[in-house]
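Here's the structure we're looking at; comments come further down.
Here, each number is a calculation from the coordinates, and none is a lab measurement. In this text, all values refer to a predicted model and were calculated from it rather than measured experimentally. Cβ placement follows ideal geometry from the backbone for every residue including glycine, while neighbour counts extend to all protein chains displayed.
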Amino acid sequence: MNGWHGKILKINLTDQIVEQEEVNPGIAKDYLGGRGWAIKYLYEGMDPSADPLSPENILIFATGPLTGTPAPTGNRYMVVAKSPLTGALSNSNSGGEFPTWMKRTGFDLFIFTGKSSKPVYLWVNEDQVEIRSAEHLWGQDVHQTTDILLAETDPNAKVACIGPAGENLVLMAAIMNDKHRAAARSGVGAVMGSKNLKAVVVHGRKNPLMYDADAMQKLSIEIAKEVGVAVKAGSALREYGTAYVPQVTNELGILPTRNFQSGQFEGVDTIDGLTLKEKYLIRPKPCYRCPIACGRLTEVAEGSRYDGKGEGPEYESISSLGSACGIDNLAAITKANYVCNELGLDTITAGMTVAAAMEMYERSYIPEDDIGKPLRFGDADMLIELLEKIAYRDGFGDILAEGSYRLAEKYGHPEIAVTARKMEFPGYDPRGSQGMGLLYATASVGASHMAGDTAYVEVFGVPEKIDPLVTEGKPALLKRFGNAFVNIDATGLCVFLALRYVFDADINLWPTRLTKLMNLTTGANYTPESMLQAADRVFNLERMFLIRAGFTGKDDTLPPRMLHEPLPSGPAKGYVVKLDEMLPEFYQLQGWDKNGIPTPEKLAELGLSEIVN
């Protein structure tokens, strides 16, 4: 095979058995790779109603056919499992360097089943595959674990691991690779911890074969040059990283502020990309083979109470650990970000859970005795303290470790939790971005911008700007974006490049260049139509996983704050999410019935009838 190695590594942790499996070329083509292959193996390999923290859950690391190729940003992987935070699906995505090195082992997917009786890690050096003891690593943070494993295996290897949060089954635990990059959302780190799997270490030189290597290289260089022109012209992503976004969302009135009580933060000027660049930036830090370099290598100087060095914070971390908690101290936010990376926490869920606790304390819903101290918006020191307590399930941190929905429910006020499918909202208030509201309500993973981010159009005008406050056209827009994101996740590219340079530059997101990249890599003779049909196939199989896990159309909803509490200021003042105006049309466009279930005709069209029945 070309592009794909066509090989899967299956690791039975219960019996400590490792097997290899060849992939049928027809399945490879129909499901693309990455996220697509992963949902097929997950759906067929487990009962979707199983306890996410039981040995019956399956944990999948999945690369795409463009991962490890010359394609710019072809360096992403997915972590897929049933989510312990939501009970739904998890599709966590990460870059860095680990994905390419994983692909170079000669395997496309690692599939972990069962549970080891003792802590272990997996060492894969091409055909050398070993399950090794990790008892000496249990309790170590992400940085310590990575350093020890590189010394034990190969200094040129790459490591993905969990920190104390994953070990302690914290429902917002992340899997960290290359120390600072995170497959973070949905609690995949807790799934890894539940299996007593501390880390995965990879090394290899098996680059995937190309169907037409010369033409693939030529097209990749052409795309990279276009990106380079944009960077030289003043790319905000290169200049400030995603930290430029707070000013954009604040101006539109959709920056999460004090647990989404409002969408504008008076301290935005102190937590934006310009401040990060002037005070704490060392240099841009790209993922492997990325011409954009949106990552930030930063340092808070020694002597500061918030001193440290690492990567970030990204926009989502700034909004969740900063404005959502009413904190305007960027040094403290940066430190909180470092703590999350070192302990293995999803910054979005962690920050938003603390924000919910702050609001509940200020409303006298949580007694101070339960916390041990006052907990008010703007208290950066308490934020950092609570992040550490969450990772170790220490005291009040044990309650916070379950996420904001369970926290709010415990104290009798579930309306305070700003979640969909029990997963915390990212950094876009959907009351001022209607397409994002529809996305959060319907995404298989819960409230995730990475499942079809219509903010590209509604907020940033990429590829073109449409009114964020109207509902007309948003169901069709989300269907297009949802399929585009499946294509991107399955092939192994990064959305920052793909939506600008490998899809046609209009809101229809026709995958012309992506089809060329795939054909030059795999030789599979895709058409743009078949690429989108493959995305539709993956999307609908994910929906069927959700249905078999017990979800219904009634779960395609948003919290009361989004539906009934209008934004108090900004361009979206007075708006709520008009979900009922969009949901029926979205179902119809997807080929689902009025209850949100794919029709038999839709499943037959996609070749899914035998799989789901």
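The three principal axes of the Cα atoms in segment 68-193 give end-to-end lengths of 36, 32, 26 Å, sorted in falling order. Listed values for segment 589-605 are Karplus-derived 3J(HN,Hα) couplings in whole Hz (6.51 cos²θ - 1.76 cosθ + 1.60, θ = phi - 60°), namely 5, 7, x, 10, 7, 5, 9, x, 9, x, 6, x, 5, 5, 5, 5, 4, and x replaces Gly and Pro. Once both labels are positioned 7 Å from their Cα atoms along Cα-to-Cβ, the gap between D47 and V231 label points is 5.1 nm. Checking every one of the GluC sites (Glu not before Pro) in segment 244-308 against DSSP loop status and a limit of 15 other Cβ atoms within 10 Å picks out E266. Segment 548-613 and segment 397-439 have their alpha-carbon centroids 17 Å apart. With Cα atoms defining each centre, segment 516-530 and segment 259-298 are spaced 36 Å apart in the structure.
Electrostatic tally near A441: other residues with Cβ closer than 10 Å to its Cβ, Lys and Arg +1, Asp and Glu -1, net -1.
Computed from label points 7 Å out along Cα-Cβ, the spacing between T527 and N125 is 4.8 nm.
Modelled label positions at N613 and F460, each set 7 Å beyond Cα in the direction of Cβ, lie 4.3 nm from each other.
Can you figure out the FRET efficiency of E266 with T512, using R₀ = 45 Å and their beta-carbon distance, to the nearest 0.05? Write down the numbers at each step before the final one.
Values: r = 45 Å, r/R0 = 0.99.
Efficiency at R0 = 45 Å is approximately 0.50.
Dipole magnitude for segment 436-612: computed about the Cα centre from +1 point charges on Lys and Arg Cβ and -1 point charges on Asp and Glu Cβ, it is near 280 debye. Taking the centroid of alpha carbons for each part, segment 312-355 and segment 212-241 are 30 Å apart. Listed by Cβ neighbour count within 10 Å, with the fewest neighbours leading, M352, M531, M210 appear as M210, M531, M352. Sequence-ordered 3J(HN,Hα) estimates for segment 363-371 from the Karplus curve with 6.51, -1.76 and 1.60 and θ = phi - 60° stand at 8, 6, 8, 10, x, 4, 4, 5, 8 Hz, glycine and proline given as x.
For Y392, what is the net charge nearby, where nearby means another residue's Cβ is under 10 Å from its Cβ and Lys, Arg count +1, Asp, Glu -1?
In short, -2.
3J(HN,Hα) couplings calculated from phi for segment 606-613 with the Karplus curve 6.51 cos²θ - 1.76 cosθ + 1.60 (θ = phi - 60°) are, in sequence order, 8, x, 9, 4, 5, 5, 8, 9 Hz; Gly and Pro show x.
Computed over the alpha carbons of segment 200-339, Rg followed by Dmax gives 18.3, 55 Å. Cβ-to-Cβ counts within 10 Å put T298, T275, T491 in ascending order as T275, T298, T491, the fewest first.
Stretching the chain fully between E19 and A215 yields a gain of 67.1 nm (0.36 nm per residue, less the alpha carbon separation). Using only alpha-carbon positions in the chain, the gyration tensor eigenvalues give semi-axes of 32, 28, 25 Å once each is multiplied by 5 and square-rooted (largest first). Extension gain for K206 to K118 (0.36 nm times residue separation, less C-alpha to C-alpha distance): 28.6 nm.
Positive contributions from Lys and Arg (+1) and negative ones from Asp and Glu (-1), summed over other residues with Cβ under 10 Å from the Cβ of R305, come out at -1.
Among C290, C325, C161, a tally of other beta-carbon atoms within 10 Å of each Cβ gives an order, fewest to most, of C290, C161, C325.
In straight-distance terms, cross-link reach from K10 covers every one of the aspartates and glutamates whose alpha-carbon lies under 17 Å from its own, apart from those fewer than eight places away in the same chain; here that gives E19, E21, E22, E44, E56, D108, E126, D127, E130. What you get for segment 7-203, charging only the Cβ of Lys and Arg (+1) and of Asp and Glu (-1), is a dipole of about 500 debye around the Cα centre.
In this structure, the residue pairs whose Cα-Cα separation is over 27 Å, taken from K40/K479; K422/K578; K158/K195; K198/K279, are K198/K279. Taking amide hydrogens as placed 1.01 Å from N in the peptide plane, the amide H of M423 sits under 5 Å from those of A447, each at least 5 positions away in sequence or on another chain.
By definition, a body whose alpha carbon gyration tensor gives a ≥ b ≥ c is oblate when a/c is 1.5 or more and a/b is not larger than b/c, and segment 187-251 fits this oblate description.
For the chain, the relative contact order is 16 percent, taking Cα pairs closer than 8 Å that sit 6 or more residues apart in sequence and dividing their mean separation by the residue count.
Along the axis of the charge dipole computed for the chain (Cβ charges of +1 for Lys and Arg, -1 for Asp and Glu, origin at the Cα centre), the listed residues Y365, G397, G427 are led at the positive end by G427. Binning all Cα-Cα separations of segment 436-612 at 5 Å, short to long from zero, yields these whole-percent fractions: 1, 8, 16, 20, 19, 16, 11, 5, 2, 1, 0. The radius of gyration of the Cα set in segment 403-491, together with its Dmax, comes out at 14.0, 44 angstrom. Fraction of C-alpha pairs exceeding 19 angstrom in segment 1-128: 48 percent, rounded to a whole number.
Assign unit charges at the C-beta atoms only (+1 for Lys and Arg, -1 for Asp and Glu), then state the dipole size of the chain relative to its Cα centre in Debye, rounded to the nearest 20.
For the chain, the charge dipole is close to 920 debye.
Note on segment 234-417: Rg/Rh from C-alpha atoms, Kirkwood Rh, equals 0.98. When the chain is described by a simple charge dipole with +1 on each Lys and Arg Cβ and -1 on each Asp and Glu Cβ, the residue from L375, F260, P528 located farthest towards its positive end is P528.
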